[in-house]
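The values are calculated or read from the model by the stated rules, or taken from the named source; none is laboratory data. Everything quoted here is computed from the prediction, not taken from an experiment. For neighbour counting, all protein chains shown are included, and Cβ atoms are generated from backbone atoms with ideal geometry for every residue, glycine included.
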Amino acid sequence: MTQIPPTLPLRALFDAQHNASRAQVEVPLALRRDRLGRLRALIDAHAAALAEAVQADFGVRSPQLTEAADLFVLRAGMAQLHDKLPRWMKPQRVATPLYLLPASGHIQRQPLGVVGVIGPWNYPLQLTFGPAAAALAAGNRVMLKPSELTPHTSALMARLVHEVFSADEFCVALGGPDVAQEFSKLPFDHLFFTGSTSVGRQVAAAAAANLTPTTLELGGKSPCVVDASCDLNDAAVKIAHGKLLNAGQTCIAPDYVLLPRGREAAFERAYAQAVARLFPTVSGNPDYAAIVSERHLARLAALLDEARAGGARVVDVAPPEGEAGSTRQMRPSLVFDPAPGSRLMDEEIFGPILPVLPYDTLDGAVAFINQRPRPLALYWFGSDRAACDRLLARTVSGGVTVNDTLMHVAHEGLPFGGVGESGWGSYHGEAGFLRFTQQKPVLVQSRWAMGQLFYPPYGARFQRVMGLLKRWL
Ligand code: NAD
């Protein structure tokens, strides 16, 4: 099947894709669906092996979690792409202003060409194959660079992709930051990056040298605002689920909780109960993911140590148990009164640690959020709709879920992305299709056009026509 060997150097692979994309600018529906179908078949046929590879990379990461958070989300997105493609590919008619009639205007949707995708390790299938599927559906060629921190998964993805795609259609480049850096310097037609804010800056700088437009899906500190009107027990289960899914290694996990002052003890009880319900044990529990590496675990442990040293109250909220199973299964904790300016309150946590900060008024909570970089996600819990509306109107975030956590990412009708330091550009659903599409405006002139009324030499006729037009506008 493979005509261009995927083992070629990056630049040669890029050149092959680039040449192919310029030789075949028009990519018909059947070919797009065929590419999507091959990717879908690959995922279906090897779902178990892919989930096992993710498990091997994490140490502990349940295949069910991969099934739900990686594969289900991917399948849902790809099914929508397959169904909606005929409509999304069609030229879009637009109304023509009076002064240009009887000309007509439409927008022609075309592939961009070659799309680069750089992915992270935390949901290593969804966050790589997801954007790749949208780019293929939009008629592009795709080069994918998955994370070096999930070596089993990335190697399997590469092998499977190269079995069913020619490397000038879709190929996978393996390697660490050095390969990633070289990758981000390629003059793609679009570069789609998911990862940390600090690396996102480097990717944006590398892409800028080629004037390559980027989408940056980054991280940050997503607040979870608990309103006085909320049912604390219900909220605690949903917050614990959002926080502890994949042991907190989720870009849109609630990073910290803003809680009405005086509710701390009740929240602590409710959260501990919620954790016990979701994860009756931590060590050895196959449902509770391990932290991806010793380095990441050490960083999280240091965040907790520094918070304690700074006077915070750290509460281990997992049920008591014996010896640890995987040494990287970190016990969940709450942190009350973390020092402002501590690393815990400045850095994205990306682990099972949940700072809890009391607030006195909604305005105070809003000010706290707005003094910080704009978050990727924001959560609100309560029944007071007016309070919710006020908070949403006064804060800007990449996305929002009301009375739950994480779920906006699963709604294919909602664009997903960040804002400010949590990224730019969005995808999923039609937004994803358009992300990788050139929307080319086309004006078709009529032989009855009146444009010549505006040609020089400018004289009385020009003045009369302009006078008339001014009255219309
Ligand atoms: P990371 O930034 O360390 O790495 C992401 C990718 O970038 C990897 O493939 C890596 O090889 C590559 N890379 C490393 N150095 C590079 C360089 N100099 N130039 C180009 N590429 C380089 O991120 P990570 O640790 O894999 O993932 C965790 C981060 O990703 C968190 O901050 C999380 O919030 C964020 N994230 C965001 C989303 C989202 O959709 N917004 C989703 C998942 C994760």
Considering LEU453, LEU443, which residue is away from the ligand (no atom under 16 Å from the Cβ), farther than 18 Å from LEU378 by Cα, touching a residue at least 24 places away in the same chain (Cβ under 8 Å) and of a type in the set (A, V, I, L, M)? LEU443
In the set ALA253, ALA228, ALA266, ALA272, which member is away from the ligand (no atom under 16 Å from the Cβ) and either within 28 Å of PHE58 (Cβ to Cβ) or free of Cβ contacts under 8 Å to residues at least 24 places away in the same chain (or both)? ALA272
Which one of ARG11, ARG22, ARG32, ARG61 is assigned to a helix (DSSP H, G or I) and either within 26 Å of the chain's Cα centre (by Cα) or of a type in the set (Ser, Thr, Tyr) (or both)? ARG32
Odd one out for MET1 among (1) surrounded by fewer than 19 Cβ atoms within 10 Å (Cβ to Cβ); (2) at pLDDT 95 or above: (2)
Across the stretch 348-371, what is the number of residues that are surrounded by 15 or more Cβ atoms within 10 Å (Cβ to Cβ) and either charged (D, E, K, R) or without any contact (Cβ under 8 Å) to a residue 24 or more places away in the chain (or both)? 1
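Considering the stretch 219-245 alone, what residues qualify as being in a strand (DSSP E or B) and β-branched (Val, Ile, Thr)? First the steps, then the outcome.
Filtering the stretch 219-245 down to residues in a strand (DSSP E or B) leaves 222-226.
Correct list: VAL225, VAL226.
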Per-region count, the stretch 371-398, residues among the aliphatic types (A, V, I, L, M), over 17 Å from ILE239 (Cα atoms) and outside any loop (DSSP other than H, G, I, E, B): 5
Give the number of residues within the stretch 303-324 that are assigned to a helix (DSSP H, G or I) and in contact (Cβ under 8 Å) with a residue 12 or more places away in the chain. 4
Being out of contact with any Phe, Trp or Tyr (no Cβ under 9 Å at 6 or more places or on another chain) and among the small types (Gly, Ala, Ser) is the filter here, so list the residues in the stretch 246-267 that pass it. GLY262, ALA265, ALA266
Please verify whether the stretch 208-221 includes one or more residues that are in contact (Cβ under 8 Å) with a residue 12 or more places away in the chain and more than 21 Å from the chain's Cα centre (by Cα). yes
Restricting to the stretch 230-244, give me the number of residues that are touching a strand residue (DSSP E or B) at 6+ places or on another chain (Cβ under 8 Å), surrounded by 21 or more Cβ atoms within 10 Å (Cβ to Cβ) and among the aliphatic types (A, V, I, L, M). 2
Cβ pairs under 8 Å, 6+ apart or interchain, first in the stretch 170-197 and without any contact (Cβ under 8 Å) to a residue 60 or more places away in the chain, second part of a helix (DSSP H, G or I) and more than 11 Å from the ligand (Cβ to nearest atom), ordered by first then second residue, are LEU174/ALA155; LEU174/ALA158; LYS185/ALA209
Selected residue [over 30 Å from GLU26 (Cβ atoms) and crowded, with 20+ Cβ neighbours inside 10 Å] from GLY399, GLY429, GLY459: GLY399
Any idea which of (1) within 16 Å of the ligand (Cβ to nearest atom); (2) part of a loop (DSSP other than H, G, I, E, B) is the one GLY413 doesn't satisfy? (1)
Here's a check for you: in the stretch 133-154, which residue that is more than 13 Å from the ligand (Cβ to nearest atom) and more than 16 Å from the chain's Cα centre (by Cα) is surrounded by the most Cβ atoms within 10 Å (Cβ to Cβ)? ARG141
Of (1) assigned by TED's automatic domain parsing to the domain that holds LEU29; (2) touching a residue at least 60 places away in the same chain (Cβ under 8 Å), ASP384 satisfies all except one. Which? (1)
